[in-house]
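Bear in mind that the values in this text are calculations on the coordinates, not laboratory data. In this text the structure is predicted, and so the values were computed from the model without any measurement. Methodologically, a virtual Cβ is constructed for each residue, glycine included, from the backbone with ideal geometry; neighbour enumeration extends over all protein chains shown.
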């Protein structure tokens with residue numbers, strides 16, 4: 001799944017394994033192509049020809065049941081390491097808001113524009129909650145966390161559902177220049193089935209091992225000051241996660257092969273984020289129906 005062909009020298013001294021971050025969004029900087037990616041670049045390549053299941057989990061640090069949901073998701077991934085992935089989206093109304101309560105502070109600001117857009121679009125009001133590939137299951141895309149495991153098992157067991165729709169070749173380049181940290185993604189997408197609708201490409205940046213308070217009602221003292229947050233959505237791009245259209249009504253054999261750097265997916269990241277703890281999720285989805293049709297996960301650094 002992770003096939004790294006070239007890793008250049010990376011100068012990352014002084015970065016810790018865990019961090020507490022208050023800035024939720026990456027810098028929005030216009031990176032001109034006169035600016036060469038020649039300062040400590042890192043390259044990752046991957047090719048994927050299978051369908052996977054992405055759980056977009058809506059959670060929050062004040063959500064008392066959300067740690068249980070995160071444990072459920074972790075177990076599903078452990079059971080299906082090549083077929084199931086999760087992104088934790090901290091957009092849950094009052095459950096995700098930071099505050100400076102002197103007794104039980106929640107300083108982390110993990111909300112994102114991407115997550116809020118999704119919460120509003122899919123009308124989430126119960127947490128933890130989630131979507132599995134944004135597929136409509138029994139008439140709704142919202143799946144209660146108590147049903148995640150059985151639903152994933154049923155989807156994986158369905159060869160028609162799991163049949164790949166697209167083949168993706170991805171190459172991400174990360175430049176670690178402080179003040180201008182930048183990710184760019186080169187991509188090639190091939191249709192393996194006829195698909196009706198507009199097909200868009202989206203990338204998520206995730207960060208793990210973030211130490212910040214969390215409520216967990218399974219504990220006698222529900223306030224956990226040093227909870228470890230994983231797979232946390234930092235930003236979706238382009239278009240705050242709405243994506244870039246790559247096909248309209250593709251048929252088998254249609255290919256989009258982007259080699260012009262001006263057309264790559266590009267995103268700046270905050271200097272406060274820890275690159276060693278970051279991953280990329282890249283997926284294609286039908287922007288008319290919302291359903292995710294193919295995805296890949298890869299580390300930022302490897």
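Structure above, values below:
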| read-out | value |
| --- | --- |
| Those strands (runs of 3 or more DSSP E) lying entirely in region 230-273 with at least 2 residues over 18 Å from the mean Cα position of the chain (by Cα) | 244-248, 255-257 |
| Checking residue 271 against (1) within 21 Å of residue 112 (Cβ to Cβ); (2) crowded, with 17+ Cβ neighbours inside 10 Å, the condition it does not meet | (2) |
| Spans of strands (runs of 3 or more DSSP E) in region 77-179 with at least 3 residues within 20 Å of the chain's Cα centre (by Cα) and more than 30 Å from residue 223 (Cα to Cα) | 166-175 |
